[in-house]
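Okay, so here's the structure we're looking at.
The values are calculated or read from the model by the stated rules, or taken from the named source; none is laboratory data. Given the structure is predicted, the values throughout are model-derived calculations rather than measurements. Glycine gets a Cβ as well: all are built from the backbone with ideal geometry, and neighbour counts include every protein chain shown. Areas reflect the complete protein model, heavy atoms only, side chains present, ligands, DNA and RNA absent. Shrake-Rupley method; radii C 1.70, N 1.55, O 1.52, S 1.80 Å.
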Amino acid sequence: MSSRASTVSTALAVAPGPSLSAWGMLPMPGTEIITEDLSHSTLDAVLSRGLGRSYGDSSLPARATDRVVATRHANRILGFDPETGILRVEAGFALAELNRLFMPLGFFSPVTPGTKFVTVGGMVASDVHGKNHHREGCFGAHVRWLKVRLADNSVVTCSPTELPDLFDGTIGGMGLLGHILEVEFTLHRIPSQWVYMESERVPDIDSFISGLNTAAPKWPMTMGWIDCLTRGRSMGRGVLMAGRWAEAHEAPATTPRLGPKITLPFMLPNWLLNPLTASLFNFAYYWRHFQKKKTTLVKPEPFFYPLDAILHWNRAYGARGFTQYQCVLPRRAGEKAVSAFMERLTALGGASPLCVIKDCGEEGRGVLSFPMEGTSIAVDMAVSPDIQHIVDNLNAFVIETGGRIYLTKDRFTRADQFRKMEPRLDRFMALRDKYDPQRRLRSAQSVRLFGDRA
Amino acid sequence: MKAVILGGTNGIGRAIARHLAERGDAVFLLGRDADELERSAADLKARHPKQRPAGTALCDLEAPEGFAAALDAADAGLDRFDTVIVTAAMFATQDRLEADIAFTQRLLTVNFANTVVFCEHVKKRLLARGGGRLAVFSSVAGDRGRKPVALYGASKAGLSAYLEALDHKHHADKLAVLCVKPGFVKTGMTAGLKPPPFAGEPEGVARDVVRALDRRKPMLYTPSMWQLVMAVIKRLPRFVMRKIGF
Ligand SMILES: Cc1cc2nc3c(=O)[nH]c(=O)nc-3n(C[C@H](O)[C@H](O)[C@H](O)COP(=O)(O)OP(=O)(O)OC[C@H]3O[C@@H](n4cnc5c(N)ncnc54)[C@H](O)[C@@H]3O)c2cc1C
Ligand SMILES: NC(=O)c1ccc[n+]([C@@H]2O[C@H](COP(=O)([O-])OP(=O)(O)OC[C@H]3O[C@@H](n4cnc5c(N)ncnc54)[C@H](OP(=O)(O)O)[C@@H]3O)[C@@H](O)[C@H]2O)c1
């Protein structure tokens, strides 16, 4: 067996006994302690996890016997000031609940990822970004204060002024500096519960990049869907979306209902998302957008969370599981870097109906946070025997351009490639030396990428 | 509804408190940890800023001498409550209990004797004001003597019997007594156990309980599937129960 094939089969082997999995559906042996009481249950724990919406192995235990705490029942709001929008919550409080409770009051999360089924703790640990990254930065930019349990079991609070090094390391630190117990952050006011959206059909990748650039100063929220299967002249065609919250006078008087909860009830067969079905899906998506440009008032749910309408859509990938490859290519690498990346991606053939492109603003304060000024591309991939080869190959390109991958999505990157794309790693490891010299906190991902002991 | 919840800081009690507050019902929390009570009251307040904030008072099922004062506080906070819900209870595995008889005594006292005493205080007050509702959490574990829950189950069996009698005795006095029998629910109480099929979530159980309270039902299995499961288990012959592990 080649080394490539054997890595994949190890990753795919499902050990007997209880297992945990994240959004990519590749389970690891282990169990989680679901608890409301983080102040007791995180004692001696080595990892916290939220709703397991990260695609990779950052929320999975390094060893089946590791004490892993699931925070999702630790979900109380500890304080809210309607004057300032400052909200303090326990780490397991879910974004879905935030939206449900605070949108009617005229508030929204300052930053939201593409799913609402995440915890606030998870949003801090991954320092998530959204459609407004070019304006608002990552979630961590809006965090005022954290309460953290450190590896030595002490509980400390940190903020931009109190233990700022711990604060910066915890934001985007993938749970490796401490267990986040409580978070205080500032909500944004919204003028209505509707989004004013302009969407545009874009014929190729270069027009996409310039489209994002022109939209950025005009629109607080932008992103695009691209078809990563079409090659040649139309490579990178897709739909660019820009939006802003509708002003009160523009919005309909009714409040939008929260989306229905449809679940794909069983594992669909593996062949469902083969290259043919995938390209049909993309073709339909592109041409559904019949007019070149259109403006509409839309509900926030389909605008921010198009995939949440189908709970557990990840099961559509079947039992073999899937992964997402997300990287950011720095602006300084030049405009052609993105089309060169797309060329490599389409040549490798990942068969993904889902490909998201977004321009990122400046790097934030999180020591290991993902975004940097440039273009982020996220593409879903079924886990095929080729997956390691594809990821290695894309990573080689990312290293050349000076870009990096997003840890929360990653399952297959190799340690040597990670080091090459992460000059900030030394600084992060110095923080771990300070706050967790024995490396008690760890995950399957930290073993794979940071060299922690298995 | 003006509801007092003993055990409302955690698990199913927390979900019931949220569900009631969301409907606009007034809620008062009783529990044994002041910090937890404060955090839960803050949660309800932030969720429903326009509503009357939930009051709280200390009440420990191991300290029956404090029951009257706790109910006084609730009466003052709610301007006379009309509903009382008891979710508070102890749980431990059979192994743990068998290894520690003193602990077993505590659990039996809290889950049965002191819960009944608490209900007696509540009953008196509600009857004096012309009726009301009392919902108390027993368990499917009390439906049949079973190996893995011999002691915990016995405490709940006693409680179920008391609640049934209370319903018989005071139904005509407009005191609606609800005996709740949850099956496996994923809460802190069961955090260390492997969830069986049909395991419930606290939110679903809370909805069922509030609906049963509204309809003044005397008994509720929740999730409802457990009614069927227990119907079968109750009919299993003794020789089968002796053989099987549960
Ligand atoms: C459909 C979909 C769309 C998405 N879109 C975006 C997007 O647009 N932008 C974006 O940035 N991300 C996106 N994501 C990724 C997702 O936002 C992140 O993975 C997020 O961290 C998941 O939160 P969670 O609560 O599920 O955390 P988990 O997946 O459970 O954990 C993620 C990481 O956070 C750590 N962690 C969680 N809670 C704590 C805690 N209390 N203390 C310490 N560490 C903790 C875990 O150890 C792990 O390393 C998307 C995911 C999906 C499924
Ligand atoms: N979960 C299940 O699967 C299940 C199944 C069948 C029946 N039940 C029953 O359902 C009820 C609720 O269970 P749950 O799962 O919600 O449990 P839980 O999450 O453990 O909540 C139990 C509550 O009881 C409180 N409590 C314990 N001892 C107390 C005492 N001496 N005085 C005052 N309060 C005390 C706890 O408060 P502290 O935080 O202070 O400990 C906690 O708030 C219980 O009666 C349980 O027996 C549960």
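What the table below lists for this structure:
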| quantity | calculated |
| --- | --- |
| Residue list for the stretch A:424-447, filter: open to solvent by less than 60 Å² (accessible area, probe 1.4 Å) and outside any loop (DSSP other than H, G, I, E, B) | A:425, A:428, A:429, A:430, A:431, A:432, A:435, A:444, A:445, A:446, A:447 |
| Segments classed as helices (runs of 4 or more DSSP H), wholly inside the stretch B:65-127, with at least 3 members that are away from ligand 1 (no atom under 16 Å from the Cβ) and closer than 18 Å to residue B:9 by Cα | B:67-78 |
| Cross-chain or 6+ apart pairs with Cβ under 6 Å, the stretch B:1-23 first and within 14 Å of chain A (Cβ to nearest Cβ) and over 19 Å from residue B:215 (Cβ atoms), then open to solvent by 20 Å² or more (accessible area, probe 1.4 Å) and more than 13 Å from ligand 2 (Cβ to nearest atom) | B:21/B:48 |
| Answer from A:400, A:343, A:362 - the residue that is in the same structural domain as residue A:224 (by TED's automatic domain parsing), in a loop (DSSP other than H, G, I, E, B) and either surrounded by fewer than 22 Cβ atoms within 10 Å (Cβ to Cβ) or at pLDDT below 95 (or both) | A:362 |
| Residue, surrounded by the most Cβ atoms within 10 Å (Cβ to Cβ), within the stretch B:208-237, restricted to residues that are in a helix (DSSP H, G or I) and among the small types (Gly, Ala, Ser) | B:212 |
| Selection from the stretch B:1-22 of residues that are open to solvent by 20 Å² or more (accessible area, probe 1.4 Å) and aliphatic (A, V, I, L, M) | B:1, B:12 |
| Close pairs from the stretch A:48-70: first within 14 Å of chain B (Cβ to nearest Cβ) and free of Cβ contacts under 8 Å to residues at least 60 places away in the same chain, partner of a type outside the set (D, E, K, R) and within 8 Å of ligand 1 (Cβ to nearest atom), Cβ under 6 Å, at least 6 apart | A:68/A:47 |
| Scan of the stretch B:48-64 for residues that are more than 15 Å from ligand 2 (Cβ to nearest atom) and touching a residue at least 24 places away in the same chain (Cβ under 8 Å), ordered by number | B:48, B:51, B:52, B:55 |
| Residues that are more than 14 Å from chain A (Cβ to nearest Cβ) and either in a strand (DSSP E or B) or open to solvent by less than 30 Å² (accessible area, probe 1.4 Å) (or both), drawn from the stretch B:172-207 | B:175, B:176, B:177, B:178, B:179, B:180, B:181, B:182, B:183 |
| Complete set of residues in the stretch A:386-412 that are of a type in the set (A, V, I, L, M) and out of contact with any strand residue (DSSP E or B) (no Cβ under 9 Å at 6 or more places or on another chain) | A:396, A:399, A:407 |
| Some residue of the stretch B:151-171 being more than 14 Å from chain A (Cβ to nearest Cβ), away from ligand 2 (no atom under 13 Å from the Cβ) and either aromatic (Phe, Trp, Tyr) or in contact with a Ser or Thr (Cβ under 7 Å, 6 or more places away or on another chain) (or both) | yes |
| All positions within the stretch B:130-159 that are farther than 21 Å from residue B:186 by Cα, basic (Lys, Arg) and in a helix (DSSP H, G or I) | B:147 |
